[in-house]
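Have a look at the structure below, then the notes.
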Amino acid sequence: MEPKSIQIKQPRYQIIAEDIATKIVEKKYIIGDKIYARSSLASQYGVSAETARRAIAVLQDLNIVEATKGSGVIITSYENAANFVHRLEGIKSVRELQKELSMSIEKQFAELNNLQETAKELINRTNRFQSVNPFVPFQLEIGESCPYLSKSISEINFWQNTRATIVGIRKKNELLLSPGPYATLEVGDILYFIGDEICLSNAEQFLQVSKTLK
């Protein structure tokens, strides 16, 4: 059976936040302007109201907008928007590499047998190397026993409770790299994080996962 292709995607709410920040830099929005209410924003981008709320939360965390109940969302800083967009320029090159990586993985399917043998050897060496190199990620699968289902990474204070840093979340056939604090955990998600052996033990206990993926 041929494995399904893994698509690397950026969270939709981040894309929306970036688009709004870009419009501020391009002077399509100016300081003091009121942008769409969350429901209108959701309709404009074709997403759920929750996704629109998260996009606004990103901009609010960066002090680009101010969201006040009853007053809508108001543009408050051109400079912060410009700084945000400037940082994205470097990220774009990373996204291109991610796209190339995804295409390369698809081409590898014809050589899957050889790839599996290589992966086994890599895992063996990784286990020996992990103690001296904390940047090789651990993997845990989120099960039904996890007490934080549908909770965001920031809500559960993952780093504070485990001292591990999340570098990616695989949701079915999609891999979210650097998912950010608003990504949520669902049953079946594969969590990738870096840290030492203590972090692994902490994460297993915190998420109530009994088996580490190999």
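The numbers here are math on the coordinates, done by the rules we state, and not lab data. Everything numeric in this text was worked out from a predicted model, so none of it was measured. FYI the Cβ positions are ideal-geometry reconstructions off the backbone, even for glycines, and counts take in every protein chain you see.
With r as the distance between the Cβ atoms of K69 and E26 and R0 = 35 Å, compute the FRET efficiency 1/(1 + (r/R0)^6) and round to 0.05. Approximately 0.80, to the nearest 0.05. Label separation (E197 vs Q10): 3.9 nm, computed from points 7 Å beyond Cα along the C-beta direction. Approximating the spin labels as points 7 Å out from Cα along Cα→Cβ, the S40-to-S104 distance works out to 4.5 nm. Taking a point 7 Å from the Cα of N83 along the Cα-to-Cβ direction, the residues of region 14-29 with backbone N closer than 17 Å to it are 18, 21-22, 24-25. Sorted on the mean count of surrounding Cβ atoms within 10 Å across their residues, most packed first, peptides 144-152, 17-25 read 17-25, 144-152. Per-peptide packing, taken as the mean over residues of other Cβ atoms within 10 Å, places 183-190, 63-70 in the sequence 183-190, 63-70 from highest down.
In this label model, E186 and K172 are separated by 0.7 nm, measuring between points 7 Å along each Cα→Cβ vector. Computed 3J(HN,Hα) for region 41-55, one whole-Hz value per residue from the Karplus formula 6.51 cos²θ - 1.76 cosθ + 1.60 where θ = phi - 60°, is 5, 4, 5, 4, 9, x, 10, 6, 4, 5, 5, 4, 5, 5, 4, glycine and proline marked x. When the Cα convex hull of region 12-81 is projected onto planes of every orientation, the mean area is 3.9 nm². Under 5 Å from the amide H of Y29 lie the amide H atoms of I24, each residue being 5 or more positions distant or on a separate chain, with H modelled from the backbone and absent for Pro and chain starts.
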